[in-house]
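Enquirer: Handing you a structure now.
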């Protein structure tokens with residue numbers, strides 16, 4: 001009796017790839033079918049990925065976070081005019097970006113393309129934290145009624161989840177993208193979204209200060225139903241427009257926002273990294289300001305102090321000034337620029353007491369010094385090495401128009 005025939009390996013037939021991005025957009029279903037057949041194959045992190053594939057993957061990440069940033073920026077202004085609504089347009093826009101992020105994390109998890117194990121874990125933990133925060137936030141609104149503050153615990157969990165998933169995307173791109181202009185530009189884009197997410201809570205005071213001025217002048221930008229609902233919850237206009245102490249805005253901007261720029265400058269390595277990110281963020285806020293005001297939504301002040309301090313950060317890091325010395329100098333520049341902006345009436349309330357200024361500046365200096373220690377540690381050198389269980393796995397054979405790997 002002849003022995004049973006050995007199983008024959010199957011080869012996936014993949015349709016031709018779109019010749020260009022416009023062609024892909026003209027035929028979305030054919031593009032999705034090609035993407036599914038070509039790339040949704042099981043693999044482990046570290047799977048060989050071409051530079052063209054990396055650019056497609058991380059361009060999708062940039063697009064997803066652009067949607068999220070647009071939605072969240074609109075959302076702040078929306079909540080200073082209308083009562084909260086789960087299905088409000090800015091929430092839907094933000095949710096569209098989140099859906100793309102979820103799809104990308106599923107793609108990375110299943111295929112192993114474009115990430116090492118650590119980058120993938122950061123993406124997974126980040127999106128998990130974000131998705132857990134969503135129902136908690138909805139429940140918080142149901143229980144507590146009006147909650148437009150950016151500083152609530154449920155909102156904080158959303159920011160933390162976003163920061164973690166962005167850290168995973170930054171790591172994945174930086175590990176596998178070839179050095180050059182494209183690598184630098186995408187890195188700057190990812191860090192822009194990271195910094196925007198970090199400083200996002202401060203927008204509450206930046207909108208609130210102008211909304212409160214308009215209310216006190218008798219030309220409120222808030223709808224009567226919003227003010228009536230706030231009153232029924234025992235909140236005054238001041239309580240929900242400026243809900244946190246005056247030290248929070250400068251403290252968070254310096255110790256979280258500017259610290260993020262320090263880290264970005266050290267990791268990206270371009271001479272004007274911090275300045276470019278801060279200037280781009282402020283330019284985006286200015287464009288959004290024009291668009292929202294044109295649509296009759298409340299305006300905000302812009303934190304121009306951010307870009308002034310960013311220039312000081314770039315100069316300090318370029319000159320290799322240690323954090324214990326650069327921290328106090330940048331903090332002084334930051335508060336000096338803040339004093340000018342405050343004199344022009346273009347700043348939320350800041351705590352100008354000497355002990356508050358010194359404490360915030362000292363905290364920033366300690367944090368910058370800690371970053372310096374970390375960047376020269378053996379632990380960081382080990383952590384930067386890719387963890388690639390899929391690097392030695394032979395890719396499944398494909399036929400058709402998929403790019404060569």
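Enquirer: Using Cα pairs under 8 angstrom and six or more residues apart, how large is the relative contact order of region 148-287, in percent?
Expert: 28
Enquirer: For region 42-243, would you read off the P(r) tail past 21 Å as a percentage of all alpha carbon pairs?
Expert: 55
Enquirer: Sticking with this one: Roughly how many whole Å is it from the C-alpha centroid of region 224-276 to that of region 30-79?
Expert: 28
Enquirer: Once the Cα atoms of helix 51-79 and of the chain are each reduced to a long axis, what angle between those two axes, in degrees from 0 to 90 to the nearest 10, is obtained?
Expert: 30
Enquirer: What's the whole-number percent of alpha carbon pairs in region 340-393 lying beyond 15 angstrom?
Expert: 71
Enquirer: Something else about it: So how tilted is helix 28-39 from the main axis of the chain? Cα-based, degrees 0 to 90, rounded to 10.
Expert: 60
Enquirer: Let me ask something else about it. One-quarter of the Cα convex hull surface for the chain, in nm²?
Expert: 25.2
Enquirer: Further question on the same structure: Along the three principal axes, how long is region 120-226 when you take its alpha carbons, biggest first, rounded to the nearest angstrom?
Expert: Principal extents (largest minus smallest coordinate, Cα): 57, 31, 15 Å.
Enquirer: Sticking with this one: As I understand it, the value is the acute angle between the Cα axis of helix 305-318 and the longest principal axis of the Cα atoms of the chain; what does it come to in degrees, rounded to 10?
Expert: 60
Enquirer: Determine the relative contact order of the chain: mean sequence separation of Cα pairs under 8 Å and six or more apart, normalised by residue count, in whole percent.
Expert: That works out to 23 percent.
Enquirer: To continue, here is another question. Distance between Cα centroids, region 145-223 to region 287-336: provide it in whole Å.
Expert: So the two Cα centres are separated by 14 Å.
Enquirer: With the Cα gyration tensor of region 245-383 in hand, convert its eigenvalues to equivalent ellipsoid semi-axes via √(5λ) and list them largest first in whole Å.
Expert: Square roots of five times the eigenvalues give 28, 19, 12 Å.
Values quoted throughout were computed directly from the atomic coordinates according to the rules given, and no laboratory measurement underlies them. This structure is a prediction, so every number in the text was calculated from the model and none was measured.
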